[in-house]
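What follows is one structure encoded as structure tokens, with my remarks underneath.
The values are calculated or read from the model by the stated rules, or taken from the named source; none is laboratory data. Just so you know, these numbers come straight off a predicted model, no measurement behind them. We place every Cβ from the backbone using ideal geometry, glycine too, and count neighbours over all the protein chains shown. Just so you know, the surface numbers come from the protein's heavy atoms only, side chains and all, with ligands and any DNA or RNA stripped out. Shrake-Rupley method; radii C 1.70, N 1.55, O 1.52, S 1.80 Å.
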Amino acid sequence: MIFKIIFSKPENGMRIDNQHYINGFIHKCLGKNNKYHNSFSDYAISSLQGGKLCNGRLVFNENPYILVSSENSNFINDLMAGILTTDGNIEGIKFDRFEFSDYNVNDYYDKIITLSPILIKDKSGMKLSFKDEKFLEVLTNNCIKKLKHAGITDKSFKIKIRNINKSKVKKIMVGDVFNICSLISLVVFGKPKTRKTLYNMGIGNSCGCGFGTIKIYE
């Protein structure tokens, strides 16, 4: 399931480095010392969507929003309840409403793009971009590990990079942590349930903190 958290429109735009505030809002809504913090995340929370860069700030013609996806109904219910009962805001913008949708996967493979950049780390903790030679291998293994955690083993699962010449390296600060990540298009193969489960969990590391949310090309 995907649900869109829609916020009020900011009159004067917003700062670019806002992910730290978004993460704070989410965890405030989930509650202090909640069971989801610092544990395996079977959910993905996007960066703030709908803005355009203008004079060093994000401006919005329409209401900004965050996409949250998960197959964990308990997580979704807890977050929704927290949003409805918590007087939280992100730099002054407040919750307005929810909208719901789902990933409509294809029969054999999907062409996807990143809405939030992919953050991926190797075993040493080094952050890789698509320009690194072992990026695809590490990303694939990360996805397989996630799927196994969800009880899925799929020998047909495979990822390929699509339109690498149009891919971009993105540098994002979250608090005082510097992250090198990738805006990229991928082709994902595997059973429909495999792909849908993966998309709901997000692709790569730190998907609960604003990375790895995707969109399927229709």
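Some observations on this one:
- Any pair with Cβ under 8 angstrom, 6 or more apart, that starts in the range 40-54 at a residue that is over 13 Å from S69 (Cβ atoms) and free of Cβ contacts under 8 Å to residues at least 12 places away in the same chain and ends at one that is of a type in the set (A, V, I, L, M) and open to solvent by less than 40 Å² (accessible area, probe 1.4 Å): K52/L58
- Residue match in the range 50-58 (condition: buried (at least 17 other Cβ atoms within 10 Å of the Cβ), aliphatic (A, V, I, L, M) and farther than 20 Å from G212 by Cα): yes
- Top-ranked residue in the range 208-218 [being closer than 22 Å to K123 by Cα and at pLDDT below 95; ranked as surrounded by the most Cβ atoms within 10 Å (Cβ to Cβ)]: G210
- The set of residues in the range 92-141 that are open to solvent by 90 Å² or more (accessible area, probe 1.4 Å) and assigned to a strand (DSSP E or B) comprises K94, R97, F100, Y109.
- Selection count where residues are under 26 Å from D107 (Cα atoms) and either open to solvent by less than 60 Å² (accessible area, probe 1.4 Å) or hydrophobic (A, V, I, L, M, F, W, C) (or both), scope the range 157-180: 5
- In the range 143-156, residue nearest to I113 (Cα to Cα) [restricted to those that are open to solvent by less than 30 Å² (accessible area, probe 1.4 Å) and under 19 Å from the mean Cα position of the chain (by Cα)]: C143
- Residues of the range 21-39 satisfying the condition of being open to solvent by 40 Å² or more (accessible area, probe 1.4 Å) and under 24 Å from K215 (Cβ atoms): Y21
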